[in-house]
């Protein structure tokens, strides 16, 4: 398995997850909070998921009852947290704390 | 005097038409964005289409503002090539290495230049759309 490259956009996404590692975030949550372009974000999420740094699952709702499609929710794994901490260390940037934020699902 | 009245009337009609066109564009943007999603997923490998159709349509609903929805949908189209490669198990092209430009041939250099110009255009459009959206929000 290849180690995904860590770009500025990846650090932004890692930073968002690391603020509260148990949060589940949809692509829209991540776009709203990090302003990463969707054309960059989804390949990155796929890359991190394939590397085992993120996991994703469908939101637990019935689309016909909710009247909208299900969201795909991402969560950072232990491997991802280690990779994020390492990336922040290498960049000389302190890893984000566990402050509560507005978006996302616990 | 007649000319002044006609000019004023023309300005009012044009402003009304412009407002109607803007409102129409705002109203139809989400539908256009959904249409773009359905076209974009056709560029993905068949096994990924269902997943990304549902995921992207859900994400689009959560993006506020018609222009932002459109811009996000454009991003979906952009991402399809890389997504297909990722899921095919291939590594994305590495970030540009200063030494790699030495090894590129003329076609490689041309491709890099086209990519650079396209990327700059996309970034400029992104800034422009954000500016227009903020202006529209202020006007409303």
Of A:80, A:52, A:103, A:97, the only residue that is within 16 Å of residue A:13 (Cα to Cα), modelled with pLDDT of 90 or more and in a loop (DSSP other than H, G, I, E, B) is A:52
Which condition does residue A:64 not pass, out of (1) more than 7 Å from chain B (Cβ to nearest Cβ); (2) over 17 Å from residue A:5 (Cα atoms); (3) under 13 Å from the mean Cα position of the chain (by Cα); (4) not in a loop (DSSP other than H, G, I, E, B), if it passes all the others?
(3)
Criterion (without any contact (Cβ under 8 Å) to a residue 60 or more places away in the chain, facing another protein chain (nearest Cβ under 7 Å) and in a loop (DSSP other than H, G, I, E, B)) met by exactly one of A:69, A:43:
A:69
Condition first: more than 13 Å from chain B (Cβ to nearest Cβ) and over 11 Å from the mean Cα position of the chain (by Cα). Now tell me which residues in segment A:72-83 satisfy that.
A:78, A:79, A:82, A:83
Can you find, within segment A:7-40, the residue that is farthest from the other protein chains (Cβ to nearest Cβ) among those that are in a loop (DSSP other than H, G, I, E, B) and buried (at least 17 other Cβ atoms within 10 Å of the Cβ)?
A:20
Any pair with Cβ under 9 angstrom, 6 or more apart, that starts in segment B:129-140 at a residue that is over 15 Å from residue B:70 (Cβ atoms) and ends at one that is surrounded by 14 or more Cβ atoms within 10 Å (Cβ to Cβ):
B:137/B:65
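Quick grid of which residues meet (1) closer than 20 Å to residue B:86 by Cβ; (2) at pLDDT 95 or above:
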residue	(1), (2)
A:22	no, no
A:26	yes, yes
A:38	yes, yes
A:57	yes, yes
A:60	no, no
A:70	no, yes
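The values are calculated or read from the model by the stated rules, or taken from the named source; none is laboratory data. As the structure is a computational prediction, the values presented were derived from the model and not from experiment. Positions of Cβ are backbone-derived with ideal geometry, glycine not excepted, and every protein chain shown enters the neighbour counts.
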